[in-house]
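Just below is one structure, and these are the notes that go with it.
The values are calculated or read from the model by the stated rules, or taken from the named source; none is laboratory data. Source: prediction; values computed, not measured. Here the Cβ is made from the backbone with ideal geometry for all residues, glycine too, and neighbour counts use every protein chain on show. Accessible surface is based on the protein model in full, side chains and every heavy atom, while ligands, DNA and RNA are left aside. Shrake-Rupley method; radii C 1.70, N 1.55, O 1.52, S 1.80 Å.
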Amino acid sequence: MCGIVVYVGSKQASPILMKGLKRLEYRGYDSAGIALLNKNVRVFKSKGKVADLEKHIAGQNLEATVGIAHTRWATHGEPNNINAHPHYSQSKELAIIHNGIIENYDSLKKELVNRGYVFESDTDTEVLIYLIEDIQKNEQVDLFEAVRIALNQVIGAYAIVIISKNEPNVLIGARKGSPLVIGVGEGEYYIASDASPIIEYTKHVVYLEEEEVAFVKLNHPLKIKTIKNQEKTPYIEKLEMNLSELEKEGFEHFMLKEIYEQPRSIRDSFRGRLNLEQGIVNMGGINEYEQKLLNARRIIIIACGTSWHAGLVGEYLFEDLARIPVEVEYASEFRYRNPILTEDDVVIAISQSGETADTLAAIELAKSKGATILGVCNVVGSSIARAAHAGAFTHAGPEIGVASTKAFTAQVTVLTLMALALAQRKGTLTSTRFMEILTEINSIPEKVEKTLKTSQQVIEIAEKFKDVRNFLYLGRGYNFPVALEGALKLKEISYIHAEGYPAAEMKHGPIALIDADMPIVFIATNKGTYVKVVSNILEVKARKGIVIAIVTEGDIQVKELADYVIEIPETEEMLVPLLATIPLQKLSYHIAVMRGCNVDQPRNLAKSVTVE
Ligand code: M6R
């Protein structure tokens, strides 16, 4: 949520900052701005996308080798030119960019107003930079110290970077609850909210920890201390990410590219973990906690959005294969409802970004009650990955499209392996059955490849239904979370209202919606409750509803009933979500494109939700 990119070095800052903002635009895109330091601090900002900022600065003198830049997802104050970041201090000698929320900004603002300060914007960020300047002047301290003192008065979350007219070539960065990474180049430094704008310049990075403040000065070693004034030694890590992973590589949108990456991302998520020759699953990252999982009173899965849907598939997997009781919780509810937790509970936190504020807060709560926390994250070095006791990365590669696609299938792959590893240790599956499932997982990438070839049917269906106002998605068992995920994908990128439901629940309410205009997507694959789902389809047809069915290749019964059919390859019941989700992702993608929606940056959304 909101993107930060910063440069100090010998190159011109503005091209680096503008390119970085474009890479970060998926994090927030309602306004953008840059501040350049060359004798004075000059701020340029604009409502709208980075492209609008680009137009705004065209033809201006942008000479500077130091600068900070920001792309915003509004929290305090509507998205307009004034509320866009960077924000000046009162004297205009300092400028700040900020991700997060200063929760006590109102009381801080009142104090500052009483002391004669006049604010231009409605933002919490402007309050913070005024406070920092006030401390600097009244306490006669340098900027580093003023920021540290100010942050001790702040309640809330922040990733900030500040520049000062009086300290050229110096950047002050700090984080709490919102990530900040410092790129260490040859005679230059970068700072960003994630590594994507840095990767093409340096692979050496330092991730700031909670409540740390960094003093970054050109041609000087990096200095870090905590807001409580404790010196820290910077730990430089090497990034594994490649630049090509951040490009569209010929696809029209990141979402489409990411949908097509799934054969690879699923394979990468089981590579090195699934060993067919030896007949084992080895989850290196959590081996140490395997006993804890086996003895767990229950597993609690916490997540949000699509990751929560993957968690629901996880519930079926752990219970079905390893016979361990599971509860799946929205992190945002869990954190506020005084849950009963003991040291015998294992919490699995699932997150693509590893930065979701609610999931992070739920982890901290569970930790404080003694539970063991395992993370299933995609972004290495992310806050959730680091907050967990141990975990397993999903290896999906960077996901840029706001609608999560390949992260979901990678999460389901990792959860399947975890459940299988536990089932093997517990002996809840026969070795024959275990090997059958293992062999089938190994063939999933090829089957995803085949599923991706259903474009023509999907496009025809999209064309037919792109203008309807409502969709219903129904599935049972492992296909219930698939229905939820299909509905979420459609509503977030096409703005068509869509509901996901367990198919049998239809008759307890949603059936009232069904008429001859209502498309209903059934995930009706040939295992588990297939026969029951066929009955649900009959109920819909009896009310003249339009049935779009995802079926197993060779299906006869549903094909006779449904109006439209998309076939997916035959697979094990618990692996169907890995295939059935693919046409649903594509359906929402094509509908959104046909409706002229911005697929990669849907309105009001942001990729990582780092605020409550
Ligand atoms: O990064 P996370 O997996 O923690 O994000 C959770 C949700 O914000 C995310 O899945 C969101 O629902 C997506 N936009 C869904 O496509």
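Some notes on this structure:
- Summing Cβ point charges (Lys, Arg +1; Asp, Glu -1) relative to the Cα centre of the stretch 453-600 gives a dipole of roughly 280 debye.
- Protection proxy ranking of 77-83, 153-159, 586-592, by the mean of other Cβ atoms within 10 Å over each peptide's residues and highest first, is 586-592, 153-159, 77-83.
- Cα pair count fraction exceeding 33 Å, expressed as % - the stretch 3-244: 9 percent
- Rounded to 10°, Cα long-axis angle of helix 455-465 versus longest principal axis of the chain: 80 degrees
- Pairs exceeding 29 Å between alpha-carbon atoms, taken from K47/K225; K39/K238; K447/K532: K47/K225; K39/K238.
- Unit Cα scatterers, Debye sum, the stretch 393-450: log10 I(q)/I(0) for q = 0.12, 0.19, 0.26 Å⁻¹: -0.37, -0.77, -1.09
- Long-range HN-HN contacts of V326 with modeled amide H, under 5 Å: I299
- Simple Cβ-charge dipole of the stretch 311-460, Lys/Arg +1 and Asp/Glu -1, about Cα centre, in debye nearest 20: 280 debye
- For the set K248/K607; K248/K406; K11/K217; K11/K176, the pairs lying more than 19 angstrom apart at their alpha carbons are K11/K176.
- Phi-based couplings in Hz for the stretch 354-361 (Karplus 6.51, -1.76, 1.60; Gly and Pro marked x): x, 10, 4, 4, 5, 5, 4, 5
- Reference-scaled alpha-carbon Rg (2.2 N^0.38 Å with N residues) for the stretch 367-464: 1.40
- Positive-pole candidate from S455, A407, Y207, dipole of the chain, charges at beta carbon: Y207
- Residue among A390, F251, V313 farthest towards the positive dipole end of the stretch 248-451, charges placed on Cβ: A390
- Qualifying lysines (Cα of each under 20 Å from Cα of K45; at least 8 residues distant if same chain): K19, K22, K55, K92, K165
- Apportionment of accessible area to carbon and sulfur, the chain, percent (1.4 Å): 49 percent
- Distance-filtered residues of the stretch 462-480 - backbone nitrogen under 17 Å, label point 7 angstrom along L513 Cα→Cβ: 465-476, 480
- Using the Karplus relation 6.51 cos²θ - 1.76 cosθ + 1.60 with θ = phi - 60°, the per-residue 3J(HN,Hα) values for the stretch 415-428 come to 5, 4, 5, 4, 5, 5, 4, 5, 4, 5, 5, 7, x, 7 Hz, with x marking Gly and Pro.
- Cα-centred dipole magnitude for the chain, charges only on beta-carbon of K, R (+1) and D, E (-1), debye, nearest 20: 340 debye
- For the stretch 330-415, average projected area of the Cα convex hull in nm²: 5.3 nm²
- Tilt relative to the chain, helix 576-594 - C-alpha long axis, 0 to 90 degrees, to 10: 60 degrees
- Karplus-derived 3J(HN,Hα), 6.51/-1.76/1.60, for each residue of the stretch 134-143, Hz, glycine and proline x: 4, 5, 4, 6, 6, 9, 6, 10, 6, 4
- Leading residue at positive end of dipole, the chain (Cβ point charges), from A157, M574, F270: A157
- Between the C-alpha center of the stretch 453-528 and that of the stretch 311-375 there is a gap of 28 Å.
- Relative to the longest principal axis of the Cα atoms of the chain, the long axis of helix 530-542 lies at roughly 90 degrees.
- P(r), alpha carbons of the stretch 248-451 - 10 Å bins starting at zero, rounded %: 9, 37, 36, 15, 2, 0
- Calculated P(r) of the stretch 451-604 - Cα pairs past 20 Å, %: 42 percent
- Kirkwood-type hydrodynamic radius, the stretch 1-80: 12.4 Å, calculated from all non-identical alpha-carbon pairs.
- Per residue value of the accessible surface for the chain (all protein chains in place, 1.4 Å probe), Å²: 38 Å²
- One quarter of the convex hull surface built on the alpha carbon atoms of the stretch 165-245 amounts to 5.8 nm², the projected area averaged over directions.
- The Cβ shell under 12 Å around V402 holds other residues with a net charge of -1, Lys and Arg each +1, Asp and Glu each -1.
- Volume in Å³ per residue [convex hull over Cα atoms, computed for the chain]: 157 Å³
- Cα pair distances of the stretch 265-375 binned at 5 Å [whole percent]: 2, 12, 20, 24, 21, 12, 5, 2, 1, 0
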